[in-house]
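Shown next, in structure tokens, is the structure this report addresses.
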Amino acid sequence: AQSVTQPDIHITVSEGASLELRCNYSYGATPYLFWYVQSPGQGLQLLLKYFSGDTLVQGIKGFEAEFKRSQSSFNLRKPSVHWSDAAEYFCAVDGSNYGQNFVFGPGTRLSVLP
Amino acid sequence: EPEVTQTPSHQVTQMGQEVILRCVPISNHLYFYWYRQILGQKVEFLVSFYNNEISEKSEIFDDQFSVERPDGSNFTLKIRSTKLEDSAMYFCASSAANYGYTFGSGTRLTVV
């Protein structure tokens, strides 16, 4: 069965520092890949998605993610974090093209120090 | 870009009451889903729906839950007799055939 792992439960960075959130997936082939952000008590906001093509994907709020097939990874990055980026981040996999469902990772909570 | 719309954004209900969560999927999508997220936990699959019937459901989706597409635009999740542990954020999603889910912004259900 497909699975998504986010090795870091909680990450703390200083404002202005760079950020990388890790995501690995287990799949028989390349699924569609997503990153969502969720502020406390709020819904899911799509940051970016990868379907095919260029492996470096640009998203909203200055985020980008890179798909690495050899590592089954889809890590999220931001060069300079803002205090408003503090939230929960979910990596997700859409296997609907293989008859599988959409699966979320467990999430990484990002805290930002002033 | 087309959106999946969920109403209400927040609902408070008393334990034992029935609640209906509403979703308007993207108009040309054929596959519909409900997911749930208990506070502080991961987002979990509840049910998928296609061609007017449930195509898959998780162990969470017991007899207290039902889904319906009452007309051409709405997709609803009904909880027959709510329990405290049903308090969660409920997300609706829709997709075209084998391609890309779109999620709504969620309904926060609080059972008191």
**Prompt:** How long are the three semi-axes of the equivalent ellipsoid of chain A, in whole Å, if each is the root of 5 times an eigenvalue of the C-alpha gyration tensor, listed from largest down?
**Reply:** 24, 14, 12
**Prompt:** With each label point set 7 Å from Cα along the Cα-Cβ vector, what nm distance links A:ARG69 and B:THR13?
**Reply:** 4.6
**Request:** Would you kindly work out the equivalent ellipsoid of chain B from its C-alpha gyration tensor and give its semi-axes, the square roots of five times the eigenvalues, largest first in whole Å?
**Result:** 22, 14, 13
**Request:** Give me the aspartates and glutamates in straight-line cross-link reach of A:LYS49: C-alpha distance below 12 Å, same-chain residues under 8 apart excluded.
**Result:** A:GLU64, A:GLU66, A:ASP94
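On average over all directions, what projected area in square nanometres does the protein assembly as shown have, based on the convex hull of its Cα atoms?
On the way: hull surface 49.7 nm².
Value for the protein assembly as shown: 12.4 nm².
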**Prompt:** Under a GNM of chain A (C-alpha, springs under 10 Å), which listed residue has the highest mean-square fluctuation: A:GLU20, A:GLU64, A:GLU88?
**Reply:** A:GLU20
**Request:** For the range A:60-114 and the range B:4-80, compute the distance between their C-alpha centroids and round to whole Å.
**Result:** 25
**Prompt:** Over chain B, what is the mean sequence separation of C-alpha contacts under 8 Å (at least six apart), divided by residue count, expressed as relative contact order in percent?
**Reply:** 39
**Request:** Return the Cα extents of the range A:1-56 along principal axes one, two and three, sorted largest first, each rounded to a whole Å.
**Result:** 37, 26, 21
**Request:** With a Förster radius of 22 Å, plug the Cβ-Cβ distance of B:ASP71 and B:LEU30 into 1/(1 + (r/R0)^6) and report the FRET value to the nearest 0.05.
**Result:** 0.90
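Between A:GLU15 and B:THR110, what FRET efficiency follows from the Cβ-Cβ distance if R0 is 30 Å, with the result rounded to 0.05? Can you show the working numbers first?
Working: r = 33 Å, r/R0 = 1.10.
E between A:GLU15 and B:THR110, to the nearest 0.05, is 0.35.
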**Request:** May I have the extent of the alpha carbons of the range B:52-112 along their three principal axes, as whole Å values ordered from largest to smallest?
**Result:** 38, 24, 23
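Here, each number is a calculation from the coordinates, and none is a lab measurement. These figures come from a predicted structure and were not determined experimentally. Heads up, the Cβs are rebuilt from the backbone with ideal geometry, glycines too, and the neighbour counts pull from every protein chain shown.
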